[in-house]
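The block underneath contains the structure these notes are about, expressed in structure tokens.
Read-outs: derived from the displayed coordinates by stated rules, not from any lab. Keep in mind that this is a model prediction, so the values were computed, not measured. We place every Cβ from the backbone using ideal geometry, glycine too, and count neighbours over all the protein chains shown.
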Amino acid sequence: MGEKLKDYKINVKVRLAALWTSLMFCYIYGDYFELYVPGKTQGIIAGSSMLDTPFKLLTASMVLMIPSLMIFASVLLKPSINKWLNIIVGSLMGLITLLVGLVSFSEWRIFYVIYAFVETIIAIFIVYQAWHWRKTTRG
């Protein structure tokens, strides 16, 4: 009963990749569940969604591609570039997510606001992890 489980130190690159992965799942599920909001799919079929032009669709795709690529980048980039890229991109994505949440208040989109809140918290953790990335000591 008093047995302790062994805890392993997880590399900051893996922690960042896991945070970006969690963020992406929240984005995907939030957007998926939004399809159940009354009138949403009819608007998409009728061509009257927010993404009603090729440029808007391309812009949204590129913005949401960034966190997907950060999963990959967080594992493979050199620490000096990786740290600042995570701080900058994490801050920008957190700000975007917070703004989306603030403008989404309605009865049918309260779930979206909750997702935006969680996504913002995850982005804050990304920035925090990157900001507190320890330098190696030379001995």
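Rounded to the nearest 10 degrees, the inclination of helix 54-76 to the longest alpha-carbon principal axis of the chain is 10 degrees. Listing Val37, Val127, Val89 from fewest to most neighbouring C-beta atoms within 10 Å gives Val37, Val127, Val89.
Can you put Thr53, Thr41, Thr136, Thr21 in order of Cβ neighbours within 10 angstrom, beginning with the fewest?
In order of increasing Cβ crowding within 10 Å: Thr136, Thr53, Thr41, Thr21.
Enumerate by residue number the trypsin sites (Lys or Arg not before Pro) in the stretch 1-100 meeting two conditions: DSSP loop (anything except H, G, I, E, B), and at most 15 other Cβ atoms within 10 Å of the site's Cβ.
Lys4, Lys6, Lys9
Placing unit charges on the Cβ atoms only, positive for Lys and Arg and negative for Asp and Glu, gives the chain a dipole magnitude near 940 debye about its Cα centre. Pull out a ≥ b ≥ c, the square roots of the eigenvalues of the alpha-carbon gyration tensor of the stretch 1-56, then state rounded if a/c is under 1.5, prolate if not and a/b is larger than b/c, and oblate in the remaining case. In terms of gyration-tensor shape, oblate. Only lysine pairs 8 or more places apart, or on different chains, with alpha-carbon atoms under 15 angstrom apart are counted in the chain, and they number 5.
Stretched out straight at 0.36 nm per residue, the stretch from Phe105 to Gln42 would grow longer than its current Cα-Cα span by 20.6 nm.
Extension gain, His132-Glu34: 0.36 nm per intervening residue step, less the Cα-Cα distance, totals 31.8 nm.
Count neighbours as other Cβ atoms within 10 Å of each site's Cβ, and list the chymotrypsin sites (Phe, Trp or Tyr not before Pro) in the stretch 82-115 that are DSSP loop with at most 13 such neighbours.
When the chymotrypsin sites (Phe, Trp or Tyr not before Pro) of the stretch 82-115 are filtered for loop state and at most 13 Cβ neighbours within 10 Å, Phe105 remain.
Sequence-ordered 3J(HN,Hα) estimates for the stretch 21-28 from the Karplus curve with 6.51, -1.76 and 1.60 and θ = phi - 60° stand at 5, 4, 4, 5, 4, 5, 4, 4 Hz, glycine and proline given as x.
Taking R0 as 41 Å, what's the FRET efficiency between Leu51 and Lys78 from their Cβ-Cβ distance, rounded to 0.05? That gives a FRET efficiency of 0.70. The long axis of helix 79-102 is offset from the longest Cα principal axis of the chain by roughly 30 degrees. Per-residue 3J(HN,Hα) values for the stretch 123-131, derived from phi via the Karplus relation 6.51 cos²θ - 1.76 cosθ + 1.60 with θ = phi - 60°, read 4, 4, 4, 4, 4, 4, 4, 5, 4 Hz in sequence order (x marks Gly and Pro).
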